[in-house]
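Below: the structure, in structure tokens.
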Amino acid sequence: MEQEIKTFVTEIGAVELSPEAKKFFNRDNYFKFPNTQTLLITKISRSKKPFYGVDSRVIEVADEKCPNYFLILLSSNKSGWIFSKREISLQIKNGFWRVAADKNHKINYGDLINKYSFSSIKQFFERVEQRGGKGVVRIKISDLNIVPYADISFPEPRIVNIADEEIQKAVNEKRFDKRGFQSHLAELTNEWNSGNADYEEYIRRYTKYHIERIAYLIESGLWKEPIAVCADLKTIKDGLHRVLAAKFLKESEIESKIIGD
């Protein structure tokens, strides 16, 4: 395997295909996003003006077998161009990628435009999301790095322990908070500090919010909305309350979207 491809697929968290998929895609430049069936066809060109050959027979099989897939044309281990199944079809239909005598679609530098390009792993994931994403994957909750909420506004941060009994009590008493932590942080901080609250009162309010937020997600069912994780499938970027709600409900997995580094 080319070193640039190896580094790239490691960075994006891609994995080998299943034995069944390898019956159709049996070279070492075919991968998939973890916990999905989204095929990734990767190619590398080291030329100053990159050019590529993509086997037309592979495209035909991918069109038949894969609901969605991506063609990734690398110019380095973190930059290149990405095309979705639909975009590949349009390039071929419109005659931009012609089939040569060797059955390869010839893709020249002049055929590659900025709207398909990426120059970092983060931008790669942005391009993927723009093209319908990797779909939702299911991740074991036990595999996630669940870092407890901790107040850091005072010299000695205090970790907030949220007991299942307190969550159940909030559900029973219908004490719910609809406000998202990140989207309403300024408002919440002002509320926790109102009335010149001392530190103990601040922590009481801070903890009460988290309990009632989790209770709301349980009652409304919104804990089922996918969380956002990094490519390592462990680091939570958004959705800790949903994870804690799922844990309370004794769920073993939670739906997630991979958003990059």
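The values are calculated or read from the model by the stated rules, or taken from the named source; none is laboratory data. In this text, all values refer to a predicted model and were calculated from it rather than measured experimentally. Quick reminder, even Gly has a Cβ in these numbers, built from the backbone with ideal geometry, and neighbours come from all protein chains shown. The area values use the complete protein model at the heavy-atom level, side chains included, leaving out ligands, DNA and RNA. Shrake-Rupley method; radii C 1.70, N 1.55, O 1.52, S 1.80 Å.
So which lysines can Lys65 reach, going by Cα to Cα under 18 Å and dropping same-chain residues fewer than 8 places off? Cα-Cα hits under 18 Å: Lys22, Lys23, Lys32, Lys85, Lys134.
Loop-only check: which trypsin sites (Lys or Arg not before Pro) in the stretch 4-105 are DSSP coil with at most 16 other Cβ within 10 angstrom? Mind dumping the intermediate values first?
Working: sites: Lys6, Lys22, Lys23, Arg27, Lys32, Lys43, Arg46, Lys48, Arg57, Lys65, Lys78, Lys85, Arg86, Lys93, Arg98, Lys103; in loops: Lys23, Arg27, Arg46, Lys48, Lys78, Arg98, Lys103.
Here the trypsin sites (Lys or Arg not before Pro) that fit, given the DSSP loop and packing criteria, are Lys23, Arg27, Arg46, Lys48, Arg98, Lys103.
Put a plus charge on the Cβ of each Lys and Arg, a minus charge on the Cβ of each Asp and Glu, and nothing anywhere else: the dipole of the chain about its Cα centre is then about 1320 debye. Of the residues Leu244, Leu112, Leu90, the one that moves most in a GNM of the chain with alpha-carbon contacts below 10 Å is Leu90. Once the chain from Arg86 to Ser183 is taken as fully extended at 0.36 nm per residue, the excess over their C-alpha distance is 31.5 nm.
Annotation for the stretch 164-261: trypsin sites (Lys or Arg not before Pro) lying in DSSP loop with at most 10 further Cβ atoms inside 10 Å of their Cβ are Lys174, Lys250. In the full protein context, the chain carries 55 Å² of accessible surface per residue, based on a 1.4 Å probe and ignoring ligands, DNA and RNA. Not counting ligands, DNA or RNA, and with a 1.4 Å probe, what is Tyr149's accessible surface area in Å² rounded to the nearest 10? About 30 Å², rounded to the nearest 10.
Here the chain is treated as a Stokes sphere of Kirkwood radius computed over C-alpha pairs; at 37 °C and 0.692 mPa s its diffusion coefficient rounds to 155 µm²/s. Multiplying the residue separation of Ile146 and Glu219 by 0.36 nm and removing their Cα-Cα distance gives an extension gain of 24.1 nm. Build a GNM of the chain with springs between Cα atoms under 10 Å: which of Asp63, Asp102, Asp164 gets the top mean-square fluctuation? Comparing Asp63, Asp102, Asp164 in a Gaussian network model of the chain, the most mobile one is Asp102.
Provide the percentage of antiparallel DSSP beta bridges, counting only those with both residues in the stretch 107-261; round to the nearest 5. Show your work: numbers first, answer last.
Working: 8 of 13 bridges.
Percent antiparallel among DSSP bridges in the stretch 107-261 is about 60.
Roughly what would the spin-label model give for Arg205 and Ser119, points 7 Å off Cα along C-beta, in nm? Distance between label points: 4.5 nm.
If you roll a 1.4 Å probe over the chain with all protein chains in place, what percent of the accessible area is carbon or sulfur? It would help to have the intermediate numbers written out before the result.
Working: 6930 of 14320 Å².
With neighbouring chains kept in place, the figure for the chain is 48 percent.
Centre-to-centre, using Cα atoms only, the stretch 156-207 and the stretch 63-106 are separated by 50 Å.
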